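Since the structure comes first, as structure tokens, the remarks are kept for the end.
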Amino acid sequence: MKKRTFLTFSVSLLFAFSAGNAMADNNETFVLDPEAKAAAEEIIQLSKQDQNAKLMKWMEFLENKKFKKQRKDEKALTAWGNMFLKEGLYPEAEEMGRLAYEAKSTYLPAIMLHGNSLFELKKLGDAAAKFEEAIAAFPNEKEAYLKTADVYKYINPEHALQVTSQYKEKFPNDPDINKTIGNIYYHENKIKEAIEAYDVYFKEVGDKADFDAQEQYAIMLYAKKDYDKSLALVEKILPKSPDAISLNRLKFYNLMELMQVQGAKAASETFFGKKYADTLYNATDYKYQGQLAEMIMDTAMMLSSFEKAAKLDPEKPEILIGLSEAYEKVGNADKAVEIYQKYIEKNAKTKGDKLNGLIKEGKIYYGAAADIQDSSKFDLRNRYVTEGDKLFEEVSKEAPESFYGPFWRARIQTILDPNNPIDAIKEQYDEAYKRMEGKDESYNNERKECLVYTAFYYFQKDDHEKATEYSDKVLAIDPNNKLAQNIKNAIAQMKK
């Protein structure tokens, strides 16, 4: 019995002694010798200039006999690895972390380095295992909990929150816990919960708030449509990182939503003028740029911006609408209608939606045709009228109770010869007027247009009785209508 007790006691002492040594090692500051540090710095420098040369130097580094002893030293390996990790050389950092861990598996900095490099390499499951190993071996190591939660927010947010609960039990007064919880909810897109957590964090730390947390908070305020508050925070933290694409983007977005055109224009020039890599710009960037271009009446930029947006996100409704309107503004009705048809195909849910789509497409042709005044382009104008008329005819058939079809058929046909009455146009106006029967006074402008054309038609046909009758109907709606007054005055003069 005594022998067993002594053995248990001995093992306990051994474990306590090992753990004590491990903690001492973990807290010890280690500095690489100048030659070892220079070797890593050379690899880092080459990575920015010549990848092949970097690879050759890396292989040489792994085999260099000068560093044979250090390649078995967990502290030297970890120091090298952290240099590589800081500079974004993640495969090299991971290799150093692995070797350091193999050299001494109880060395916390090696475990954390290996986990951090695996995380950066997107090997999330392996990274999580390393950080959980760190928690098991060093239950009072705060960074291990935070890193574990950081990994799990991507693969299992609920477990990430469980980890933060463990953290909170051990460190109840640490403000970083609310920052971590806010970050988890942020990545879950739970805006309300994230803002609540960050509010507690900011209240606790004041001006010492973490930059990334403030950036995420500004993004969430934008998502919440609190544009003024989001913009104010962006303006506060942007000087700390003036080239940050996310902050310059957010400033532009907020100013656009606040309709501060001149400010948005300046922010846009800064955002797009910084010449970030093309791959960093997204469809929403170009959508806002297109909307800004419309505000400042730069149709060329509007079209260019929405074309770029549509290339990146060809199905987003507001981008399709914007691109269609851009083509409409430059007078390309065919392309405007083609794009709008794509929008209708993807977004129309009811018969009414489809009919509204046909009306909109017809109006595009109408606007483009009406804008053509150059006689050399009358063939194009005539084709636009024909195409628009076909669409309005379809509306007339599909919705026989609606006045829109015949009303817009009459309108678009009028473009071809506005100075001479045409029987077919009068028939369409008559049909539209008939379909408005029983409708309230809000339709009086459309009624008036039908009656004015009919009065004009009869006047040109020398049917003065009918012309007077319809002019009176117009004046009953609009007593100051000039055309109806002129027709009546002209008829009165003829009778003298």
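Derivation of every value follows stated rules applied to the coordinates shown; laboratory data play no part. Model, not experiment: these values are computed from the prediction. Because the Cβ atoms are built from the backbone with ideal geometry, glycine has one as well, and the counts that use them run over all protein chains shown.
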> Using a simple charge model, +1 on the beta-carbon of Lys and Arg, -1 on the beta-carbon of Asp and Glu, nothing else, what dipole does segment 43-109 show about its Cα centre, in debye to the nearest 20?
Replying inline: 300 debye
> Which of the trypsin sites (Lys or Arg not before Pro) found in segment 389-435 are loop residues per DSSP with 11 or fewer other Cβ atoms within 10 Å of their Cβ?
Replying inline: none
> Ranking Leu451, Leu99 by Cβ neighbours within 10 Å, fewest first, what do you get?
Replying inline: Leu99, Leu451
> When a footprinting reagent is the concern and you count Cβ atoms within 10 Å, what order do Met96, Met83, Met494 take, fewest first?
Replying inline: Met494, Met83, Met96
> What order do you get for His187, His114, His464 when you list them from fewest to most C-beta neighbours inside 10 Å?
Replying inline: His187, His464, His114
> Using the Cα gyration tensor of segment 392-481, with a ≥ b ≥ c the square roots of its eigenvalues, what is the shape: rounded (a/c below 1.5), prolate (a/b larger than b/c) or oblate (neither)?
Replying inline: oblate
> Gain in length, Asp278 to Lys122, computed as 0.36 nm per residue apart minus the alpha-carbon separation, to one decimal in nm?
Replying inline: 53.8 nm
> What's the angle, to the nearest 10 degrees (0 to 90), between helix 142-155's Cα axis and the longest principal axis of the chain?
Replying inline: 40 degrees
> In debye to the nearest 20, how big a dipole does the chain give about its Cα centre with +1 on each Lys and Arg Cβ and -1 on each Asp and Glu Cβ?
Replying inline: 900 debye
> Length gain on complete extension for the stretch Ile296 to Leu416, per 0.36 nm per residue less the alpha carbon to alpha carbon distance?
Replying inline: 40.0 nm
>> To test your reading of the geometry: what angle, between 0 and 90 degrees and rounded to tens, separates the Cα axis of helix 191-205 from the longest principal axis of the chain?
In response: 50 degrees
>> If I fit a long axis through the Cα atoms of helix 283-295 and take the longest principal axis of the Cα atoms of the chain, what angle between them do I get, 0 to 90°, rounded to 10?
In response: 40 degrees
> Which length gain, in nm to one decimal place, applies between Asp423 and Asp33 when the Cα-Cα distance is subtracted from 0.36 nm times their residue separation?
Replying inline: 130.6 nm
>> Rg over Rh of the chain, using C-alpha atoms and the Kirkwood radius, what does it come to?
In response: 1.24
>> Can you give me the orientation-averaged projected area of the convex hull built on the Cα atoms of segment 175-281, in nm²?
In response: 6.7 nm²
> How big is the gap, in Å, between the Cα center of segment 361-410 and the Cα center of segment 260-299?
Replying inline: 34 Å
> Between Glu102 and Glu63, what is the FRET efficiency for a Förster distance of 22 Å, r being their Cβ-Cβ separation, to the nearest 0.05?
Replying inline: 0.80
>> Whole-Hz ³J(HN,Hα) for each residue in segment 217-225, computed from phi via Karplus 6.51 cos²θ - 1.76 cosθ + 1.60 with θ = phi - 60°, x for glycine and proline: what do you get?
In response: 4, 4, 5, 5, 5, 5, 4, 7, 6
> Mind listing the Cα extents of segment 442-496 along all three principal axes, in Å, largest one first?
Replying inline: 38, 20, 13
>> Let's test the formula: R0 of 30 Å, r as the Cβ-Cβ distance of Asp374 and Lys461. What FRET efficiency results, to the nearest 0.05?
In response: 0.45
> Taking θ as phi - 60°, what are the ³J(HN,Hα) couplings along segment 317-333 by the Karplus curve (6.51, -1.76, 1.60), each to the nearest whole Hz, with x for Gly and Pro?
Replying inline: x, 5, 6, 4, 5, x, 5, 4, 5, 5, 5, 5, 5, 8, x, 9, 5
> Where in segment 204-244 is the amide nitrogen less than 18 Å from a point lying 7 Å along the Cα-to-Cβ axis of Phe171?
Replying inline: 204-206, 208-214
> If you take the charge dipole of the chain about its Cα centre, with +1 on Lys and Arg Cβ and -1 on Asp and Glu Cβ, which of Ala490, Phe30, Ala283 is farthest toward its positive end?
Replying inline: Phe30
>> I'd like the Kirkwood hydrodynamic radius of segment 355-437, using the inverse of the mean 1/r over distinct C-alpha pairs, in Å.
In response: 12.7 Å
> With r defined as the distance between the Cβ atoms of Lys482 and Arg383 and R0 fixed at 41 Å, what FRET efficiency is calculated, to the nearest 0.05?
Replying inline: 0.80
>> Placing unit charges on C-beta atoms (Lys and Arg positive, Asp and Glu negative, everything else neutral), compute the dipole magnitude of segment 291-420 about its Cα centre in debye, rounded to 20.
In response: 200 debye
